[in-house]
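Engineer: I'd like to ask some things about the structure below.
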Amino acid sequence: MKLKRELKLLDVFCVATGAMISSGLFILPGLAHALAGPAVVVSYVLAGLLAITGMLSQAELVSAMPKAGGTYFYVTRSMGPALGTIDGILTWLSIALKSSFALLGMAAFTCLIVDVDIRVIGVALCLFFVTVNIIGVKGAGRFQVGFVVVLIGLLLVYVAKGIPAVNLQNFSPFMPNGTVAVISTAGFVFVSYGGLLKIASIAEEVKNPAKTVPLGMVLSLVTVGILYAAVVFVTVGVLGAGKLDNSLTPISDGAFVFMGQTGRIVLGIAAILAFVSTANAGILSASRYPLALSRDRLLPRFFGGISKRFQTPIVAICVTGIFIASALFLNLTLLVKAASLVLIFTFIFSCLCVIVMRESGVQNYQPRFKSPLYPWIQIVGILGCWVLVINMGTAVLLIGSGLFLAGLLVFWGYGRARAKQDFALLHLIEKITAKELIDFSLEAELKEIIQERDEIVKDRFDKIVEKSIVMDIEGPVQMDEFFREVSEKISKKLETTPAAILELLIEREKESSTVLGPHLAIPHIIVKGQHTFVILLARCRKGIMFPENKKKIHTVFVIAGTKDERNFHLRALSAIAQIVQDPKFEKKWMQAKNKEALRDIVLLGERKRNS
């Protein structure tokens, strides 16, 4: 059963933004300032710049493959089910743990208002948001929009009122612990940009995902990056090292300096909203990872159960909610650092996926958004993220390695015997070694994804092309010889002798040439009978020689139908004309790897479809 497409651009923006503005802003600045000093502002900016490389890569991937599971889906289709399983489970756990940390993070701020056991509140909120997500993604999105609109408004007030109170002396010395500390702190706060992952995982439930998701990701990262820099700048400027270092309520402490106790309480409420929105977004997005893994048979099938009533992944949501609620009773500080490490690796994987998908030559990889400055953006992203990794400390690396091993064991123990996916890396290896390694199932899957993404409703032309004969001729060949072979192949479908068809084709060519372009011909004939229509697709790599035509013809669409099909005959000609107008059509046609690839070019060609 398919998931319901209900999320719009505002929902996408708010899911990502709400997921990013939580611990990264309301807790981490104090801890990060203790590590890097006032240059913590630079650490946030550096982390944001590196996040751009991963964001651009993810935006391209999601515009090509808007499926539940986000980065897991891309990694599996580009680098195989082993790495895909590891990435899927790591990302699922990291988002879930971050959501638990968000609920626990409320404790420090709730204490400013009322003394209540945060774990009780956390479990209650977890149950509430599990229910909201089960009822429908649209409802979860509406909650997120409300939270984020109020949150951004409060932060803008904080910045506007705080700038006049900034004391520039609090920025000296700017880098007391050196450049290395600034870089390692960038790795520490990198988890602040993890909300971008959550958008990719729910892309299947977004309206017009190929356009909406990349735009939402860009707007969200730009907005959050500016807010982070401005809010952290104000906080450092009004508090100084003495009050800010290791503070768990840095923004509320800053608000107290220039807005008094009222400001502290208001920003405490803002923090609570931020943590709640992170938990909601976490359940919404994390639950899509076990769903995607189960679809590919890398986790048991029951994880993929979808509610018939609400069309939401009810089992995956409940399991994720149970994990988040259980994690509320654990010490998550070091695990959240590991979540940041996982996030960094996910961004590295995203950059690698784009490189593999592009270089593999997979024909049906057709992103609507393409990352600019390829491959330099991806190379900078990989190298820059790796610098963050090696500066994060031994303990975090050990935990990350343990999670990596856990994902590998899941694949080895369960998924390995069931995984049968074709993936782009095999296409790339085949391209380099000239060995046959692929079964083209990836091309077929990507074709279905494009049809779903672009909401293509098959018309009669599509259905005829799906059953059409496809000829792939090495050549060269003369027109008469080509027509003779065509006649043999379509005679049974037309219930006419090959000789009669050949005569009609030659007579039609004598009337006027059917060559319509430098390398294109569309021979079309009327045959006897009723309710019959046939299309044959042909490619000749070395060219078909048509009389009085100097250029060799590489692309031929042969159309044959009875007189009562004349109207559809004209519609078929119009459909073909629209398809071949694509400036890249000739290149794609000549580079197609087999007959099915030729057929896909026609089926996925942009044209107006008739109902």
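Engineer: Please compute the length gained on full extension between residue 8 and residue 444, using 0.36 nm multiplied by the number of residues separating them and subtracting their Cα-Cα distance.
Structural biologist: 154.2 nm
Engineer: Cut-off is 10 Å between beta-carbons; in what order do 452, 606 appear when sorted fewest neighbours first?
Structural biologist: 606, 452
Engineer: Which of the DSSP-defined H helices in the chain satisfy a minimum axial length of 30 Å, computed from C-alpha atoms, and a minimum mean Kyte-Doolittle hydropathy of -0.5?
Structural biologist: 40-64, 81-110, 137-162, 209-244, 250-286, 333-360
Engineer: Each label point is 7 Å from the Cα along the Cα-to-Cβ direction; what then is the distance between the points at residue 467 and residue 326, in nm?
Structural biologist: Going by the 7 Å Cα→Cβ label model, 5.3 nm.
Engineer: Charges at C-beta only: +1 for Lys and Arg, -1 for Asp and Glu. How large is the resulting dipole of segment 487-611 about its Cα centre, in Debye rounded to 20?
Structural biologist: It comes to approximately 500 debye.
Engineer: Per residue, what volume in Å³ does the convex hull of the Cα atoms of segment 456-603 enclose? Before the final figure, lay out each step's value.
Structural biologist: Numbers: hull volume 15.6 nm³, N = 148.
Output value, Cα hull per residue: 105 Å³.
Engineer: Now for a different question. If r is the Cβ-Cβ distance from residue 549 to residue 474 and R0 is 22 Å, what FRET efficiency results, to the nearest 0.05? Don't jump to the answer; show the numbers that get you there.
Structural biologist: Working: r = 20 Å, r/R0 = 0.90.
My answer for the efficiency is 0.65.
Engineer: Below 14 angstrom from the Cβ of residue 249, what's the summed charge of the other residues (Lys, Arg +1; Asp, Glu -1)? Spell out each step's value before the answer.
Structural biologist: Numbers: positive: 243, 264; negative: 245, 253.
Residues close to residue 249 contribute a combined charge of 0.
Engineer: Can you find, among 522, 470, 486, the residue farthest towards the positive end of the dipole of segment 456-603? Put +1 on the C-beta of Lys and Arg, -1 on that of Asp and Glu.
Structural biologist: Of 522, 470, 486, it is 470.
Engineer: Further question: Quick one: of the DSSP bridges fully inside segment 456-603, what percent are antiparallel, nearest 5?
Structural biologist: The antiparallel fraction comes to roughly 40 percent.
Engineer: Using +1 on the beta carbon of Lys and Arg, -1 on that of Asp and Glu, and nothing else charged, what's the dipole of the chain about the Cα centre, debye to 20?
Structural biologist: Charge dipole of the chain: 740 debye, to the nearest 20.
Engineer: Along the positive direction of the dipole of the chain (beta-carbon charges: Lys, Arg +1; Asp, Glu -1; about the Cα centre), which of 20, 82, 123 reaches farthest?
Structural biologist: Going by the charge dipole, the pick is 123.
Engineer: Let's test the formula: R0 of 56 Å, r as the Cβ-Cβ distance of residue 455 and residue 526. What FRET efficiency results, to the nearest 0.05? Could the numbers behind the result be given before it?
Structural biologist: Details: r = 35 Å, r/R0 = 0.62.
E between residue 455 and residue 526, to the nearest 0.05, is 0.95.
Engineer: If you wrap the chain's Cα atoms in a convex hull and average its projection over all directions, what's the area in nm²?
Structural biologist: 30.6
Engineer: Right, something else. Report the full-extension gain for the segment residue 49 to residue 507: residue separation times 0.36 nm, less the Cα-Cα distance, to one decimal in nm. Please report the intermediate quantities before stating the final value.
Structural biologist: On the way: separation 458, 0.36 × 458 = 164.88 nm, distance 6.53 nm.
My answer for the length gained is 158.4 nm.
Engineer: Among 392, 590, rank each residue by its count of other Cβ atoms within 10 Å, from fewest to most, as a rough exposure measure. Can you show the working numbers first?
Structural biologist: Details: 392 19, 590 12.
Fewest-to-most ranking of 392, 590: 590, 392.
Engineer: Between residue 405 and residue 578, what length in nm is gained on full extension when 0.36 nm per residue of separation is reduced by their alpha carbon distance?
Structural biologist: Details: separation 173, 0.36 × 173 = 62.28 nm, distance 5.08 nm.
Here the answer is 57.2 nm.
Engineer: Set the Förster radius R0 to 41 Å, insert the Cβ-Cβ distance between residue 215 and residue 542 as r into 1/(1 + (r/R0)^6), and round the FRET efficiency to 0.05.
Structural biologist: Efficiency at R0 = 41 Å is approximately 0.40.
Engineer: Continuing with this model, one more query. Cα extents of segment 1-80 along the three principal axes, largest first, in whole Å?
Structural biologist: Principal extents (largest minus smallest coordinate, Cα): 50, 29, 17 Å.
Engineer: Which of 96, 42, 257 sits closest to the plus end of the dipole of the chain, meaning its Cα is farthest towards the positive end, when Lys and Arg get +1 and Asp and Glu get -1 on the C-beta?
Structural biologist: 96
Engineer: OK, next. Quick one: order 179, 53 by neighbouring beta-carbon count within 10 Å, fewest to most.
Structural biologist: 179, 53
Engineer: How far apart, in nm, are the 7 Å Cα→Cβ label points at residue 302 and residue 258?
Structural biologist: About 5.6 nm, to one decimal.
Engineer: Antiparallel versus total DSSP beta bridges in the chain: what percent is that, nearest 5?
Structural biologist: DSSP beta bridges in the chain are roughly 40 percent antiparallel.
Read-outs throughout are calculated quantities, based only on the coordinates presented, and are distinct from any laboratory measurement. Worth saying up front: this structure is predicted, and the values here are computed from it rather than measured. As a convention, Cβ positions derive from the backbone with ideal geometry for all residues, glycine included, and neighbour counts pool all protein chains shown.
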